[in-house]
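The values are calculated or read from the model by the stated rules, or taken from the named source; none is laboratory data. Computed from a prediction, not measured in an experiment: that's the story for all the values here. Cβ atoms come from the backbone with ideal geometry, glycine included; neighbour counts cover every protein chain shown.
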Amino acid sequence: MVGSDQKPHAILIAFPLQGHVIPAVHLAMNLASKGFTITFINTQSIHHQTTKAQPDSGGDIFAGARKSGLDIRYKTVSDGLPIGFDRSLNHDQFMYSLLHVSSAHAEELIRDIVMSDLPPPATCLIADTFFVWPSMIAKKLGLAYVSFWTEPALVFTLYYHMNLLRMNGHFDCNSDLQGIRGRQECGFCSL
């Protein structure tokens, strides 16, 4: 545990999809502004896209934050696929790799950070809720774990209570629509 004289050090992992990285960046900056040391882990593919879009950044999305005094470190990790692999056209392979391959790469990097002599020692792991493996890594390495939900709270509430909403008749789904159980087909001609 962190002594009273040491800053807390959080390792933060963003899920590599649009709508997940920016909220994680904002969380990293907010925590750093409150005195945390942050090690932000991004995938190499998102890092490549970011640096390609902003070549003046020098490859470090937190360089400006550090200039203003925030203690944010930046690391990249493989998602298990080559940089040139088109993740948007091969979504199933991408998701499989995130679930089954990237976790080993992330665990190795997180272990290196935890075992590092660079102060302050890491105290917690914050990871996007869409990942399924960070809690196991945190437990193995003795880190506190925080699951970070990047979408609005209403969306979380709907996901969490979907079965209850269906059981109470809010979704009267009795028939099947191609690929979607319980929805009737709606032809454009009837609209």
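Could you pull out the residue among SER78, SER103 that is in contact with a His (Cβ under 8 Å, 6 or more places away or on another chain), assigned by TED's automatic domain parsing to the domain that holds GLN18 and free of Cβ contacts under 8 Å to residues at least 40 places away in the same chain? Write out each step before concluding.
Values: SER103 fails: in contact with a His (Cβ under 8 Å, 6 or more places away or on another chain).
Among SER78, SER103, only SER78 is in contact with a His (Cβ under 8 Å, 6 or more places away or on another chain), assigned by TED's automatic domain parsing to the domain that holds GLN18 and free of Cβ contacts under 8 Å to residues at least 40 places away in the same chain.
This table checks each residue for (1) more than 30 Å from GLN6 (Cβ to Cβ); (2) in a strand (DSSP E or B).
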{"site": "MET29", "(1), (2)": "no, no"}
{"site": "ASN42", "(1), (2)": "no, yes"}
{"site": "GLY59", "(1), (2)": "no, no"}
{"site": "GLY64", "(1), (2)": "no, no"}
{"site": "GLY80", "(1), (2)": "yes, no"}
{"site": "ASP86", "(1), (2)": "yes, no"}
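Of these, ILE61, ILE46, ILE22, which one is touching a Phe, Trp or Tyr at 6+ places or on another chain (Cβ under 7 Å) and more than 20 Å from PRO119 (Cα to Cα)?
Just a single option satisfies the conditions, and that option is ILE61.
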